[in-house]
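Q: What follows is a structure written as structure tokens; I'll ask about it next.
The values are calculated or read from the model by the stated rules, or taken from the named source; none is laboratory data. Everything quoted here is computed from the prediction, not taken from an experiment. Every residue, glycine as well, gets a Cβ built from its backbone with ideal geometry; the counts of neighbours run over all protein chains shown.
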Amino acid sequence: MVKQSSAAGLISVQKRWPLMMLLCIVLSTAIAFFIGASFSSCNSPDDNGNNNFNTPILSFDSESSASQKDENPLSFMKSKLVLLVSHELSLSGGPLLLMELAFLLRAVSTRVVWITNQKPAEPDEVVYSLEQKMMDRGVKVLSAKGQEAVDTALKADLVILNTAVAGKWLDAVLKEKVHHVLPKVLWWIHEMRGHYFKLEYVKHLPFVAGAMIDSHTTAEYWKNRTHERLGIKMPATYVVHLGNSKDLMEVAEDIVARRVLREHIRELLGVRKDELLFAIINSVSRGKGQDLFLKALYEALQLSQDRKLKVPPMHAVIVGSDMAAQTKFETELRNFVADKKIQGRVHFVNKTLNVAPYLASIDVLVQNSQGTAAGGTMEIVVNGSTGWLHPAGKDGVKPLSENIVRLARNVETRRTMGRKGYNRVKEIFLEHHMSHRISLVLKEVLQKAKREAR
């Protein structure tokens, strides 16, 4: 989420405006809920034909969404058959985003089929739980291999591949039928790491109907890297930012629920009412910024002590641990906490689908993002207004620590950023905004697929 492309991002969250408001001071790779809208072409002036690499990047700009709340812009997808192919099924951003899309489509009676290309060899509780959640919502779950998967791909009106790695499924399963399916494939790409630029993953990318990417910078990165490193051309590329789910916003707007959740989680963590709680919510893994956040927190604690500043006690919660696996990276994090003697201030919480209670409990979100200041969806954060952006990697640690202290000292800054961030979310980052923006892409891709089928 190696060069540690981790800009640092803080999202100020006051009691009345919980974290769902995205008032970021952002780290470095994107969160799982944001959007963009409106169709504006960002074509390069050099795009004179099909033989160059200046593929147009089409933007669904957040500021210009005209979607109406009472209309479902995805209603044209009713009864259509959509196959969703995920590289894995886990509590990480890519699979959860694809699941959210599956549920949006099911809400308009789209026939949705899900395939997970790589599953653990042994029974996995997370996979089982997520598959059950999908089946409960009417999503059909198929094995990645076998004739039924091939038949579904051939019959589908639309096939959505999720992440670059999912490209391996095309040849492995479809084999000689792959070229019948490519014209109706929308490839949803989130990655920005160099090792994803391999022909074995993306050799079919130029021949699909389109690519959907989460930010302008990521889209430009893919366009340039595929050209320079692989000598291939991107297909029509659509930039679509994401949005907060309806469930999350319902909690955000329910004063009683927020208060109950806030008090419950803080009591479990041992954080008192008058203490400040910072959080980073992401699967704990190298490159997702938890190490940088903990270093910044420790520096902030040292700064406030050295300068004899009057600040409330500060705590941090790391949501996204894997208590069973205890990876080398998580062990390093825990060792850092122990070495710096801040065990009483840092709390590790297992990864979970239900993040709303933690969002309600915290005061400030520090969000890792390959996007934002490190090169992604910077429109999520209005720097200095709804949060602060920080440089990527180690360069962001010091300014992040300074801003942690700044927020700890100034309740009015937290409250103001929280209010502005919440208003921004309601204006352009709600679920119906996301449905509108994605609907524009799906219409384009379906029309293209129909033309190819003639």
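Q: Name the residue that is farthest from Gly393 (Cα to Cα), counting only residues in the stretch 295-348 that are modelled with pLDDT under 95 and of a type in the set (Gly, Ala, Ser).
A: Restricting to residues being modelled with pLDDT under 95 and of a type in the set (Gly, Ala, Ser), the top hit is Ala324.
Q: Looking at Val311, Val346, which is the one that is surrounded by 21 or more Cβ atoms within 10 Å (Cβ to Cβ), on the phi < 0 side of the Ramachandran plot and of a type in the set (A, V, I, L, M, F, W, C)?
A: After ruling out the rest, the residue left standing is Val346.
Q: Give, as residue ranges, the helices (runs of 4 or more DSSP H) completely inside the stretch 248-355 that count at least 3 residues that are more than 23 Å from Ile404 (Cα to Cα), in contact with a Pro (Cβ under 8 Å, 6 or more places away or on another chain) and in the same structural domain as Gly387 (by TED's automatic domain parsing). Even if it seems obvious, please write down each step before you answer.
A: Details: elements: 255-269, 290-306, 328-339.
Per the criteria, 255-269.
Q: Follow-up. Determine, yes or no, whether Ile265 is of a type in the set (A, V, I, L, M) and within 22 Å of Asp247 (Cβ to Cβ).
A: Working: of a type in the set (A, V, I, L, M): yes; within 22 Å of Asp247 (Cβ to Cβ): yes.
Answer is yes for this residue.
Q: Let me ask something else. Is one or more of the residues making up the stretch 301-316 within 16 Å of the chain's Cα centre (by Cα) and within 30 Å of His241 (Cα to Cα)?
A: No, the stretch 301-316 has no match at all.
Q: Just one of (1) at pLDDT below 95; (2) of a type in the set (A, V, I, L, M, F, W, C); (3) surrounded by 14 or more Cβ atoms within 10 Å (Cβ to Cβ); (4) assigned to a helix (DSSP H, G or I) trips up Ala172, so point out which.
A: Unmet condition: (3).
Q: Go through the stretch 227-252 and report how many residues are of a type in the set (Asp, Glu) and within 17 Å of the chain's Cα centre (by Cα).
A: Let us first name the residues in the stretch 227-252 that are of a type in the set (Asp, Glu), namely 228, 247, 250.
Filter again for within 17 Å of the chain's Cα centre (by Cα), leaving 247.
Selection size over the stretch 227-252: 1.
Q: Something else: Among the listed residues Gly231, Gly210, Gly167, identify the single one that is in contact with a strand residue (DSSP E or B) (Cβ under 9 Å, 6 or more places away or on another chain) and farther than 26 Å from Gly287 by Cβ. Show your work before the answer.
A: Values: Gly231 fails: in contact with a strand residue (DSSP E or B) (Cβ under 9 Å, 6 or more places away or on another chain); Gly167 fails: farther than 26 Å from Gly287 by Cβ.
Residue meeting the stated conditions: Gly210.
Q: Kindly provide the set of residues from the stretch 133-180 that are closer than 23 Å to Ser109 by Cα, under 22 Å from the mean Cα position of the chain (by Cα) and among the polar types (S, T, N, Q), ordered by number.
A: Result: Asn162, single match.
Q: Pairs needed: first member in the stretch 351-363, within 18 Å of Leu276 (Cβ to Cβ); second member anywhere, among the hydroxyl-bearing types (Ser, Thr, Tyr) and not in a loop (DSSP other than H, G, I, E, B); C-beta distance under 8 Å; at least 6 residues apart or different chains.
A: Asp363/Ser12
Q: Okay, next question. Answer yes or no: is there a residue in the stretch 61-79 that is at pLDDT below 90, touching an Asp or Glu at 6+ places or on another chain (Cβ under 7 Å) and either more than 30 Å from Arg225 (Cα to Cα) or not assigned by TED's automatic domain parsing to the domain that holds Ser285 (or both).
A: yes
Q: Now for a separate question. Across the stretch 201-233, what is the total count of residues that are touching a Lys or Arg at 6+ places or on another chain (Cβ under 8 Å) and surrounded by 19 or more Cβ atoms within 10 Å (Cβ to Cβ)?
A: Qualifying residue count, the stretch 201-233: 4.
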